[in-house]
1. Can you pull out the residues in region 31-64 that are more than 23 Å from residue 199 (Cα to Cα) and free of Cβ contacts under 8 Å to residues at least 24 places away in the same chain?
2. So, residue 200, is that one closer than 30 Å to residue 15 by Cα, in the same structural domain as residue 79 (by TED's automatic domain parsing) and in contact with a strand residue (DSSP E or B) (Cβ under 7 Å, 6 or more places away or on another chain) or not?
3. Please specify each residue of region 179-195 satisfying the condition of being in contact (Cβ under 8 Å) with a residue 60 or more places away in the chain and touching a helix residue (DSSP H, G or I) at 6+ places or on another chain (Cβ under 7 Å).
4. So, in region 87-102, how many residues would count as being in contact (Cβ under 8 Å) with a residue 60 or more places away in the chain and either in a strand (DSSP E or B) or buried (at least 22 other Cβ atoms within 10 Å of the Cβ) (or both)?
5. Being surrounded by fewer than 17 Cβ atoms within 10 Å (Cβ to Cβ) and part of a loop (DSSP other than H, G, I, E, B): is that true of residue 105 here?
6. Just checking: which of the strands (runs of 3 or more DSSP E) contained wholly in region 113-229 hold 3 or more residues that are buried (at least 19 other Cβ atoms within 10 Å of the Cβ)?
7. Could you identify the single residue in 55, 29, 44 that is more than 23 Å from residue 100 (Cβ to Cβ) and assigned to a helix (DSSP H, G or I)?
């Protein structure tokens with residue numbers, strides 16, 4: 001129809017199908033997914049992705065100039081006042097899909113090894129029953145299920161640390177949300193948010209070979225003033241990158257919209273739309 005389209009490329013589905021379907025089916029699925037992606041990219045006026053690893057994947061599939069644009073944070077996360085935790089590390093939170101690629105089992109194992117801390121899981125997914133079983137077994141682990149963004153913010157404010165242990169994570173929006181709430185955030189090295197220079201200084205990415213427990217101990221061993229400064233810096237960086245992200249999206253969408261289609265939509269298509277009573281607005 002000659003309408004400019006912006007395609008976002010934000011999930012490494014090839015990696016996901018390897019986790020779920022094994023090598024043989026994964027190879028077949030990867031071929032089909034790559035063909036689908038190429039078809040969408042060919043018809044796109046612009047292609048946007050969220051981290052450098054995803055940009056490399058896009059280039060490998062055939063995108064000449066993928067654009068890197070971040071994820072904005074909902075207004076309530078930035079407009080509501082927030083202060084760093086006052087009494088050190090007492091409670092740990094996980095927010096996200098309960099699935100193999102999120103490495104939720106590592107979070108559950110950490111809860112079992114640290115009965116001195118409180119652990120909470122928010123979310124839903126195929127591993128829900130495993131999380132519920134662990135919550136019944138462990139006195140320090142609680143499962144709250146799937147919640148609205150407003151409720152997620154309340155849980156972030158009630159906890160000291162967010163942990164994102166994913167083995168596949170193109171970005172990790174909840175990590176940015178936790179930063180905006182002046183929380184400490186521990187991320188696995190697979191999280192795309194670590195690739196953003198404007199954000200990584202407000203995070204605690206796990207070192208190569210470091211476990212979740214070791215990363216948590218590293219945070220606990222910090223001087224209290226350093227921990228407080230890290231949380232405050234995280235909130236400041238989240239605000240700055242959020243402003244840049246909004247401006248970048250505006251630029252990308254304006255550039256996309258201004259790209260005039262090479263050919264007008266076929267008259268038959270336009271006639272069909274008119275007969276269906278279609279209406280357009282800008």
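1. Residues satisfying the conditions are 31, 32, 33, 35, 36, 39, 42, 59, 60, 64.
2. When the stated conditions are applied, residue 200 does not pass them.
3. Passing the criteria: 180, 181, 182, 183, 184, 192, 193, 195.
4. Selection size over region 87-102: 7.
5. Details: surrounded by fewer than 17 Cβ atoms within 10 Å (Cβ to Cβ): yes; part of a loop (DSSP other than H, G, I, E, B): no.
Judged against the criteria, residue 105 is not a match.
6. Filter on region 113-229 gives 118-122, 161-164, 184-187.
7. 55
Quick grid of which residues meet (1) outside the structural domain of residue 148 (by TED's automatic domain parsing); (2) surrounded by 14 or more Cβ atoms within 10 Å (Cβ to Cβ):
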residue	(1), (2)
12	yes, yes
15	yes, yes
20	yes, no
31	yes, no
36	yes, no
41	yes, yes
44	yes, yes
61	yes, yes
84	no, yes
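The values are calculated or read from the model by the stated rules, or taken from the named source; none is laboratory data. If you're wondering where the values come from, they're calculated on a predicted model, not measured in any experiment. Glycine also receives a Cβ, built like all others from the backbone with ideal geometry; neighbour counts cover every protein chain displayed.
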